[in-house]
Amino acid sequence: MKSLRGIIVGSGHFAQIQMDAWGHVKDGEIIAIVSKDVEGAKKLAKEHQTPFVGADTDIYSLIEKLKPDFLDICTPPATHFQYAKIAADHGVPVLCQKPVAPSQEESEQLVSYCRDKGVPIMINENWRWQGWYREIRRIIDSGVLGRLFRVYFSMRPGDGFGQSPYPLQPYFKDMEKFLLYETGVHWVDTFRYLFGEIESVYCQTNTWNPLIKGEDAAIVLFNFVNGMTGIYDANRVVYTEEVRPPTYGWMNLEGEFGNLRLDEDGRVFLTLRGATEQEHVYQIPKGWKGGSVISTHQHFIDGLLFGDRNYFETEGEKYMISQRIVYACYQSAKEQKVVSCLGGTYEALARNARN
């Protein structure tokens with residue numbers, strides 16, 4: 001089978017994680033790294049034995065010279081559209097990091113541009129691919145918990161405290177919208193994967209560290225179409241014993257026949273009706289956050305080889321739903337009311353969130 005060859009744009013913190021993952025992907029590889037930080041790109045290329053390196057302005061010549069099978073965009077959101085447009089104009093499929101763009105309008109435009117050019121685009125939303133969530137989905141599908149009533153997730157990465165918050169990604173400090181836009185979208189998308197579509201949200205936000213521009217804490221109440229409820233309780237400032245643990249926190253899921261608990265290290269525990277809590281032993285995949293990036297990249301490559309963009313779980317248009325829900329959260333926080341996620345338009349949500 002043909003091994004698909006790609007170019008990655010970016011050489012920062014997450015580009016390193018992605019390059020590590022690409023080394024474990026079957027039938028897919030990175031053959032060139034381009035970045036505004038050319039020295040960083042050279043260092044990353046040397047570490048991973050990647051043959052071609054260039055400045056971000058070299059992307060045109062490298063695409064024409066190497067004729068890649070895909071472009072992996074791993075840069076801050078403000079640059080995503082320009083790189084996706086370059087790829088789409090050359091007929092090159094796109095794997096794009098989240099958040100997709102600085103605004104919902106621009107995100108929708110990016111996805112539409114690729115669609116109109118007939119170019120597949122998958123959003124690199126790796127959270128739902130963390131090994132523990134794939135296992136939890138299997139447990140849910142087995143029926144052992146029965147009907148699901150409520151999920152609670154306490155997100156406590158502990159990396160937003162003090163004079164130098166977010167040392168791995170310092171640009172977080174300058175984001176006007178931060179926790180929900182950059183991080184909370186992970187849980188919106190993962191909750192949709194595990195529990196189905198979200199009908200409405202009620203949200204409150206806070207900014208506890210005065211050194212950052214956006215919110216660093218939020219509580220969101222989700223009402224799902226199937227009748228269950230969810231709570232996302234997130235705070236990046238409060239003390240936690242381990243900074244940025246594998247799961248970023250812990251989860252409790254309550255069902256008709258039993259409850260499930262996800263620990264900070266990815267272990268899963270079940271308490272079935274009439275019994276005591278027992279660990280559900282499973283093999284956590286190797287790699288960053290339970291092999292999530294490896295699995296995401298493999299899914300992207302498999303989809304390209306399969307030849308059907310609908311194969312992608314986070315295909316661009318599908319993923320826009322998750323981002324629209326994030327903007328519904330901002331609208332709810334601003335207006336202090338429950339906001340419907342069904343039947344509205346993203347333009348209204350984005351406009352209300354901005355004003």
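The values are calculated or read from the model by the stated rules, or taken from the named source; none is laboratory data. From a predicted model like this one, the values you see are computed outputs, not experimental measurements. Here the Cβ positions follow ideal geometry from the backbone for every residue, glycine too, while neighbour counts run over all protein chains shown. Keep in mind that these areas ignore ligands, DNA and RNA; they rest on the heavy atoms of the full protein, side chains included. Shrake-Rupley method; radii C 1.70, N 1.55, O 1.52, S 1.80 Å.
Within the range 188-213, how many residues are part of a loop (DSSP other than H, G, I, E, B) and either among the small types (Gly, Ala, Ser) or modelled with pLDDT under 95 (or both)?
1
Each row is one residue, and each column tells you yes or no for (1) more than 21 Å from the chain's Cα centre (by Cα); (2) farther than 16 Å from Pro157 by Cβ.
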position	(1), (2)
Phe195	no, yes
Glu215	no, no
Val225	yes, yes
Arg244	no, no
Trp250	no, no
Val268	yes, yes
Thr276	yes, yes
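Check Gly303, Gly266 and return the single one that is in a helix (DSSP H, G or I) and either in contact with a Leu (Cβ under 8 Å, 6 or more places away or on another chain) or surrounded by fewer than 21 Cβ atoms within 10 Å (Cβ to Cβ) (or both).
The conditions single out Gly303.
Out of Val237, Val185, Val243, which single residue is open to solvent by less than 10 Å² (accessible area, probe 1.4 Å) and either more than 21 Å from Val338 (Cβ to Cβ) or modelled with pLDDT of 95 or more (or both)?
Within the list Val237, Val185, Val243, the selection yields Val185.
Out of all the residues in the range 222-230, is one or more part of a strand (DSSP E or B), open to solvent by 10 Å² or more (accessible area, probe 1.4 Å), over 27 Å from Tyr282 (Cα atoms) and touching a Ser or Thr at 6+ places or on another chain (Cβ under 8 Å)?
Yes, some residue in the range 222-230 is part of a strand (DSSP E or B), open to solvent by 10 Å² or more (accessible area, probe 1.4 Å), over 27 Å from Tyr282 (Cα atoms) and touching a Ser or Thr at 6+ places or on another chain (Cβ under 8 Å).
Within the range 80-106, which residues are out of contact with any helix residue (DSSP H, G or I) (no Cβ under 8 Å at 6 or more places or on another chain), in a helix (DSSP H, G or I) and not acidic (Asp, Glu)?
Gln82
Of the numbered conditions (1) among the basic types (Lys, Arg); (2) buried (at least 17 other Cβ atoms within 10 Å of the Cβ); (3) modelled with pLDDT under 95, Lys289 satisfies every one except a single condition; which is it?
If we test Lys289 against (1) among the basic types (Lys, Arg); (2) buried (at least 17 other Cβ atoms within 10 Å of the Cβ); (3) modelled with pLDDT under 95, just (3) comes out false.
In the range 136-146, which residue that is in contact with a helix residue (DSSP H, G or I) (Cβ under 9 Å, 6 or more places away or on another chain) and in a helix (DSSP H, G or I) is least open to solvent (accessible area, probe 1.4 Å)?
The selected residue is Ile136.
Right, Asp72: outside any helix (DSSP H, G or I) and of a type outside the set (A, V, I, L, M, F, W, C) or not?
Taking the combined requirement at face value, the residue satisfies it.
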